[in-house]
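Some notes on the structure that comes next.
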Amino acid sequence: MPETSEITVVPPWPFFVRPVLEALENSGSKARQDIFQFVINASPFSQEVLDATISSGQTVIAHRFGWALSNLVKSSWIIRLSKGIYQITDEGKVWLAANRTTDLTYSDANKIFKRYWQQKSSKNVTETPQQPLSSHGDQTPIESIENSISVLVEATKGELLSRLRASDPTFFEKAVIKLLLALGYGGAEQRGRQIGGTGDGGVDGVMDQDALGLEKIYVQAKRYAETASIGSATIREFIGALAIKGVSSSDLSTIPSGRPKL
């Protein structure tokens, strides 16, 4: 008998319908975790598949198993006897006997389960509408939402960087100061201000780290291309500007160099 190929991509939730029913077929009842372990052991999932997670930290495979379990309960193919304890019904056994080798697709699942969702909703018109069973690709609706949010965040980050690079120097300097204050510099009282402009001596902003203003952070805001690095000459110029402000040489040892973020 040929070996079953290792599953290297997390299957969509309909894939888990049959193994869940198989897990309960010959048992009076079984705990959710035991059902899940049976499903995991029944297929040769790669370690990469087992380790993949969604943003909440839950594994993708456990998330999709949960969707299958939920739909099986709604269809009455299995019942929940108590919290986390499940049992297969006669209807579930009938389907399993007729589909012993069937791996459901999204299209199949919609045809099978859609009517159960509609029946559930029709019992109470005030009930919150159920989420659609279909999804984008192999993702559940929750995964699709998370993926869409991720795309929007990345697009927003790119647009923000482009606008900052294209903004006038004064606006850019103010944005840098606001960002540093938001990160916690300047203390809880948000003590920071822009001092850039003509005759600023190369220092664009300053923040007080204590209530008396004895400890200060001086800021120089510069825009570089994404692949550019801050050169040593620029750093020396900034050190010179700080010396004019009265900053001692011992305070300059922590000034970083390298590739900037903006």
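The values are calculated or read from the model by the stated rules, or taken from the named source; none is laboratory data. Remember, predicted model here, so these are calculated numbers, not experimental data. Neighbour counts are summed over all protein chains in view; Cβ atoms, including those assigned to glycine, are modelled from backbone coordinates with ideal geometry. The accessibility values were calculated without ligands, DNA or RNA, using every heavy atom of the protein model including side chains. Shrake-Rupley method; radii C 1.70, N 1.55, O 1.52, S 1.80 Å.
Give the range 20-41 a look and list any residue that's farther than 12 Å from I88 by Cβ and in a helix (DSSP H, G or I), or say none.
Once the filter is applied, which keeps residues that are farther than 12 Å from I88 by Cβ and in a helix (DSSP H, G or I), the range 20-41 yields R32, Q33, D34, F36, Q37, F38, V39, I40, N41.
Could you say whether any residue in the range 42-51 is over 19 Å from T102 (Cβ atoms), of a type in the set (A, V, I, L, M) and part of a strand (DSSP E or B)?
Among the residues of the range 42-51, not one is over 19 Å from T102 (Cβ atoms), of a type in the set (A, V, I, L, M) and part of a strand (DSSP E or B), which makes the answer no.
Which ones in the range 60-102 are open to solvent by 40 Å² or more (accessible area, probe 1.4 Å) and of a type in the set (D, E, K, R)?
Matches in the range 60-102: K74, R80, K83, D90, E91, K93, R100.
Could you look through the range 207-250, keep only residues that are open to solvent by less than 60 Å² (accessible area, probe 1.4 Å), small (G, A, S) and assigned to a loop (DSSP other than H, G, I, E, B), and pick out the one that is modelled with the lowest pLDDT?
S248
Which one of S70, S76 is under 19 Å from Y116 (Cα atoms) and under 29 Å from the mean Cα position of the chain (by Cα)?
Of the residues listed, the single one that is under 19 Å from Y116 (Cα atoms) and under 29 Å from the mean Cα position of the chain (by Cα) is S70.
Residue check, D204 against (1) at pLDDT 70 or above; (2) surrounded by fewer than 10 Cβ atoms within 10 Å (Cβ to Cβ), all met but one. Which one?
In the conditions (1) at pLDDT 70 or above; (2) surrounded by fewer than 10 Cβ atoms within 10 Å (Cβ to Cβ), D204 misses (2) alone.
For R32, which of the numbered conditions (1) open to solvent by 30 Å² or more (accessible area, probe 1.4 Å); (2) without any contact (Cβ under 8 Å) to a residue 40 or more places away in the chain; (3) not β-branched (V, I, T) fails to hold?
Condition (2) is where R32 drops out.
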